[in-house]
Structures are given as structure tokens and as C-alpha cells.
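What follows is a single structure, written as C-alpha cells, with notes after it.
Read-outs throughout are calculated quantities, based only on the coordinates presented, and are distinct from any laboratory measurement. These numbers were taken from a predicted model, which means no experiment stands behind them. Positions of Cβ are backbone-derived with ideal geometry, glycine not excepted, and every protein chain shown enters the neighbour counts.
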Amino acid sequence: MNNKEKPSILLIYTGGTIGMMSNAETGALENFNFEHLLRYVPEIKQFNLNISSQTFNPPIDSSDMHPEHWANLVEIIHSNYNSYDGFVILHGTDTMAFTASALSFMLEGLNKPVILTGSQLPIGVLRTDGKENLLTAIEIAAAKNADGTPIVPEVCIFFNQKLMRGNRCTKISAESFDAFSSNNYPVLAKAGLEIQYDYKQIRPYNPAVTLVPHYTLDSDIIIFSLFPGIKPDIIKNVLTNDSLKGIIFRTFGSGNAPQDEWLVEALTESTRQEKIIVNITQCSTGSVKMHLYETGLQLLESGIISGADLTVEAALTKLMFLLGKGLTHDEIRSEMRRNICGELTEN
Ligand code: ASP
């Protein structure tokens, strides 16, 4: 039974390296369960917290994540929302930034911490980064202000001593412990000797809102990256696909594209058919500004929306979310440009 005095944390294991516990004696990988976790990370018992756990059955490599799994996570958080002070999601690193971005939209009115973490080396391996990531993620999920409100009431990724807004993150390394980066938004906290929160960057707790879970996403969309020499036939085939409803269009620099007439015509025809085309940059930092050059202005005139400084993960999941809500074409266009939950800097 939970002791009401202590904060309660729900640990949700979805799969991924962090939960593959390598037995120190045999070297064999053991499946995640909470008892194993306590054996390999006994420090968890030192927290003055009530910690419960749930596990995806079966656990999945994060490359196998689907929108249905995001909906499962939303359901778990929604149905346990009043019983816990914070949630920690253990997740493979490969698609963690997609899941974090999706959850930030699907958990409308979130007022509690949802902290995703994982690791590059399994827990139980001598040099694992999993222990530190897990312990600090739990501490952050339970952290409260003096008035009892949560310090970080939003979806975040904690990795390698950095707490980052979930919908601002991208996986940047397949090898380094420093696997995630938030290129267009400051880090929310740094964990050194103490956890130093940058309070002004964190979304404030809002007592006026309640959690509204969303379960339906529409993935009739593609991510499509420009490159010099791109061929008309291939682009036209993609853009004229009848089931296609939206395109995350990765352009050059500040949102520029070649000035080929066929390209502008194809894009204009698509927006005329009410396909939503969102312009984001291939650069890892900075924002789309289509009015700066002729090569960008032509895209603005063809009806393409600026994705400003959205990450590819946030742009994709935001468009899936807005299409899934059944909004009108104009509503989606305007919501896409609006900052819904800290994912974008309006310009
Ligand atoms: N392939 C694994 C996954 O994303 C890698 C990891 O856990 O970091 O599930």
C-alpha cells in the first residue's frame, strides 16, 4: 500500500537497452522486471518514494514503436494520473525523441512530470550509463517546489546529465553517452553535484487545466528531404499519392528549395488539394524564414507552412496529432504554426 506522505512514482518499462540487465556473473541478458532492477540498482531503495512499475508485454525495441504504443502510454498515464506524482518511462534511445514529442501533444493539460530515459549500455554492465540516467530521472519526476507543485510538469528526456524538453530533442549519437541534444531550446536542468533547474525555461504548473488524453493519430504523411538533383517524376509520384494528407518537407538552410518551375507547380498543386506541407530545415539549429530569399519566398507563395524551428520528430508527431483530431484544413494550418506545448518558437 502506498504511504501517502511519500511522493509516488510510476516506472513504465517499454523496452530498449536500459532494461536488458546483464548478469554480472554470467554476462547473459535478463529480461526487465522490478526485482531485477532493485538487484542491479539497489540505490533505488534509498529514495524516500513509493515506486511502482509496469512493463510492456512484450517489451519492444524502440524501432518497433508505433502510434498504438504511444496511445498505450497515454492510457497508462491517464488511468494512473491521480495516484502518482510523476512518471518515468524507460525507452530505447532510437525513437525516444519521437515518443517524447508525440506524448507532449497527446497529454493535453499535463501538470505532472513525464520523464523518458534510457541508456547506451545495459544496466549491469560495468560502465553503464543506465544507473545514473534512471536514478536522476526518478529524482526529477519526484521533485517539488516548496508549495508542493511539481518542478517539471511536462514531458522531458533526461539523458547524460541533461534534462531536455521532450519535443525539442533529437538523438544525435549512436555511440556517445551524450546521445541527445536540444538544439533550438535551452536545457531545462543540469545534473551535477546538485540538479540545477533553469526555472524560467520550464513550462509553469497550471492549476486551471486538467489532463485531456488524446489517442488518435493519423500517419498518412511522409518526411521528404530535398537534395540537389532531385527528380521531378519521383517527387510528383509521391505528392500525387491519394492517401497522402501531409508532408514534412526538409529544405535547405532557412527554408529554401531549387527554383525549378516543375517543383513549385507540384507543391502548389498539392497545397491546392489541401495537403498540408510543413517546411522545416535540414540544419540542426535555427529556424525556417521563407521570406529571406527568392528560393524560400516561392515556397511561401505555393501555400507551404513554416515549421519554424520544429525538430523533425516534433513536426511529424504534431501533424499526425492535428490530422488525428479531425480539424478542418484551415484549423490544421493555423495550429501547425502555433506553439501548442513549447515545441516551437513562433516567428
Ligand atoms: N535499439 C535500441 C532501442 O532503441 C537501442 C537503445 O535501447 O538505446 O530500443
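Amide H contacts under 5 Å for residue 125: 22, restricted to partners 5 or more places along the chain or on a different chain, H placed in the peptide plane at 1.01 Å from N.
For 61, 309, the sequence from fewest to most other C-beta atoms within 10 Å is 61, 309. Checking every one of the chymotrypsin sites (Phe, Trp or Tyr not before Pro) in segment 84-132 against DSSP loop status and a limit of 12 other Cβ atoms within 10 Å picks out no site at all. Checking the a/c ratio against 1.5 first, then a/b against b/c, what shape does the Cα gyration tensor give for segment 20-110? Judged from the Cα gyration tensor, segment 20-110 comes out oblate (a/c at least 1.5, b/c at or above a/b). Both the radius of gyration and Dmax for the chain are 21.2, 68 Å, in that order, over alpha-carbon atoms.
Relative to the Cα centre, the charge distribution of the chain, modelled as +1 at Lys and Arg Cβ and -1 at Asp and Glu Cβ, gives a dipole magnitude of about 660 debye.
Each residue in 177, 227, 32 was given a count of other beta-carbon atoms within 10 angstrom of its own, and listing them fewest first yields 227, 177, 32.
Could you tell me which trypsin sites (Lys or Arg not before Pro) in segment 102-151 are loop residues by DSSP with no more than 15 other beta carbons within 10 angstrom of their beta carbon? Answer by residue number: 127. Using alpha carbon centroids, what distance separates segment 214-248 and segment 158-205, in Å? Answer, in whole Å: 31. Across segment 202-347, Cα-Cα distances exceeding 26 Å account for 23% of all pairs. Annotated for segment 216-328: lysine pairs at least 8 residues apart or interchain, Cα distance under 20 Å, count 8. Subtracting the Cα-Cα distance of residue 176 and residue 335 from their residue separation scaled by 0.36 nm leaves 53.6 nm.
For the chain, the longest principal axis of the alpha carbon atoms and the long axis of helix 130-142 meet at an angle near 90°.
Using Cβ point charges alone (K and R +1, D and E -1), the dipole size of segment 21-132 about the Cα centre works out to roughly 300 debye. Between residue 345 and residue 183, the modelled label-to-label distance comes to 1.3 nm, taking each label 7 Å out from Cα in the direction of the beta carbon.
With 0.36 nm allotted per residue and the present C-alpha distance subtracted, the residue 262-residue 200 stretch has 17.7 nm of extension available.
Between residue 208 and residue 274, residue separation times 0.36 nm minus the direct Cα-Cα distance comes to 20.2 nm. Among 60, 89, 202, a tally of other beta-carbon atoms within 10 Å of each Cβ gives an order, fewest to most, of 60, 202, 89.
For segment 240-347, the list of GluC sites (Glu not before Pro) that fall in a loop by DSSP and count at most 10 other C-beta atoms within 10 angstrom reads 346.
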